[in-house]
Amino acid sequence: MKRILGMVALLGMVLVASGCSHKTQTTAVQTVRFAVPRNPDSLVVTFAQEKGWYREEGLDVQFTMVEADKVQEMLASGAVDVAWSSTTSTMIASIKNPNVVYVSPWNTFDKGFALIARPNGPLKSVDELNKSTPSYVEAVRLAAAQLRGKTVITTANTDMERAVASVVARGDLIYRNVRIIDFPPDEGLAAFLSGKGDAYLGGIPQRTSAVQQGMVVVLSGFDLGPAPINGLVTSRAYLKGHEDVLMKMMKVWFRTATYTNSHTDEVGAYIAAQLNRDGGAHYDVADFSRDWNGLEHFVDSPQYAQNDIFDRKGNNYWRRRWDEDNKYYYITRRSTPYSVSSDGIFVADTMQIKFIQRYGKGPF
């Protein structure tokens with residue numbers, strides 16, 4: 001009898017130990033250091049942290065908020081594992097950091113950027129010009145041509161400056177016809193509102209604030225060229241060793257975008273609170289609702305990414321943007337030593353295929 005009881009006790013210890021071992025394996029968490037700009041579109045990926053969705057995938061995501069033009073620097077220095085950035089910034093960063101790779105798209109900044117001018121100033125809006133011109137295309141050309149000899153405040157070496165260059169091209173001008181004053185977005189807006197420069201181009205919060213203070217939108221959206229494509233960026237080494245982690249993040253991003261589609265006010269309230277925490281942004285739920293799939297569009301499924309970004313006929317086909325970026329930086333600006341090939345840098349199309357093989361097409 002004692003022998004039987006001893007065997008039962010031993011079996012119980014084995015089962016408990018097995019249970020502990022299994023629990024440890026399923027609750028193991030992978031830490032991911034993530035650099036994110038404090039912008040409405042990028043901050044949405046932090047909402048998933050509030051919901052616990054990263055943790056459900058076994059990820060402990062540690063966010064670092066940073067200015068958009070500093071994100072790639074943090075990634076290159078090894079201070080973070082992944083970053084929220086754009087194909088444009090990744091292309092430029094690859095010249096100094098050949099290890100950078102663009103993993104997956106998050107959103108397209110279709111109508112987010114806007115060239116801002118003062119009311120009753122020398123720069124007229126495209127809508128005003130279109131009243132007295134035969135076509136909208138001609139109105140765009142005339143609106144852009146007004147920049148000859150003008151000064152534009154924007155943030156150098158970002159998609160913002162790239163948008164200014166697109167405007168210049170649409171006005172049949174060359175880049176040196178315009179003088180750029182380089183400021184971070186918030187500082188640039190403050191300088192413009194104080195009377196500096198003839199025009200301004202920044203992000204959505206700055207655009208919102210400028211319009212609220214009576215400034216005029218001269219040109220916006222696709223009139224500024226192919227839209228920036230923001231997304232998940234990392235290093236080659238991290239991709240090689242953590243492909244599963246990156247796919248889990250992609251899954252969470254699809255889930256977040258899908259959730260926001262039907263809970264826009266809830267997510268908008270969260271984003272507004274984040275932006276207004278330091279004061280001065282004056283961003284609210286109505287602004288977010290206007291932006292979400294309005295001024296910019298968000299990737300809520302692999303199928304959406306395929307149709308809009310990876311397909312040649314898509315509204316935001318990625319190579320169209322890549323090629324125009326090369327034209328701007330290498331030919332127009334001469335700020336890059338060569339035309340940057342996408343090979344080995346833009347891996348999002350390959351990751352898309354692998355993701356579908358592992359997780360399917362959703363919804364998530």
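Each reported figure results from applying straightforward, stated rules to the coordinates on display, with no laboratory input. Fair warning: this is a prediction, and the values are worked out from it, not measured in the lab. So basically every Cβ, Gly included, is an ideal-geometry build from the backbone, and we count neighbours across all protein chains shown.
Rounded to the nearest 20 debye, what is the charge dipole size of the chain about its Cα centre when +1 sits on each Lys and Arg Cβ and -1 on each Asp and Glu Cβ?
Details: 40 positive and 38 negative charges, 161 e Å.
Around 780 debye, computed over the chain.
Measuring from a point 7 Å past the Cα of Arg334 along Cα-to-C-beta, which residues in region 153-188 have an amide N at less than 13 Å?
So the set is 175-176.
Tell me, Kirkwood radius of region 114-224 from alpha-carbon pair distances, in Å? Before the final figure, lay out each step's value.
On the way: mean 1/r = 0.0737 Å⁻¹.
Mean inverse Cα-Cα distance, inverted, gives 13.6 Å.
Would you work out which of Pro228, Ser289, Gln306 lies farthest towards the positive end of the dipole of region 198-306, given +1 charges on the beta-carbon of Lys and Arg and -1 on that of Asp and Glu, about the Cα centre?
Looking along the dipole axis, the top candidate is Gln306.
Restricting to DSSP H runs of at least four residues, report the calculated mean residue ellipticity at 222 nm for the chain, -39500 (n - 2.57) per run over all residues, nearest 500 deg cm²/dmol.
Working: 17 runs with 174 residues, N = 364.
When only DSSP H runs of four or more count, the value is -14000 deg cm²/dmol.
Report the one residue of Gln146, Tyr270, Ala117 whose Cα lies farthest in the direction of the positive end of the charge dipole of the chain (charges on C-beta: Lys and Arg +1, Asp and Glu -1; origin at the Cα centre).
Positive-end residue among those listed: Tyr270.
Straight-line reach from Lys131: which aspartates and glutamates have Cα under 18 Å away, leaving out those fewer than 8 places along the same chain?
Asp223
Please state the charge dipole magnitude for region 114-224, taken about the Cα centre, from unit charges on C-beta atoms (+1 on K and R, -1 on D and E), reported in debye and rounded to the nearest 20.
Numbers: 12 positive and 11 negative charges, 59 e Å.
The calculation lands at about 280 debye.
Rounded to the nearest 0.05, what FRET efficiency do Glu243 and Asn315 give with R0 = 22 Å and r taken as the Cβ-Cβ distance? Could you check?
On the way: r = 29 Å, r/R0 = 1.31.
With R0 = 22 Å, the Cβ-Cβ based efficiency is 0.15.
Which lysines, if any, have their Cα less than 25 Å from the Cα of Lys51, not counting same-chain residues under 8 positions apart?
Straight-distance partners of Lys51: Lys23, Lys248, Lys251, Lys361.
Given contacts defined as C-alpha pairs under 8 Å and at least six residues apart, what's the relative contact order of the chain, whole-number percent?
23 percent
Please list 69-75, 252-258 highest first by mean number of surrounding beta-carbon atoms within 10 Å per residue.
Details: 69-75: 20.0, 252-258: 22.4.
With the highest mean Cβ count within 10 Å placed first, the list reads 252-258, 69-75.
What angle, in degrees between 0 and 90 and rounded to the nearest 10, separates the Cα long axis of helix 2-26 from the longest principal axis of the Cα atoms of the chain?
10 degrees
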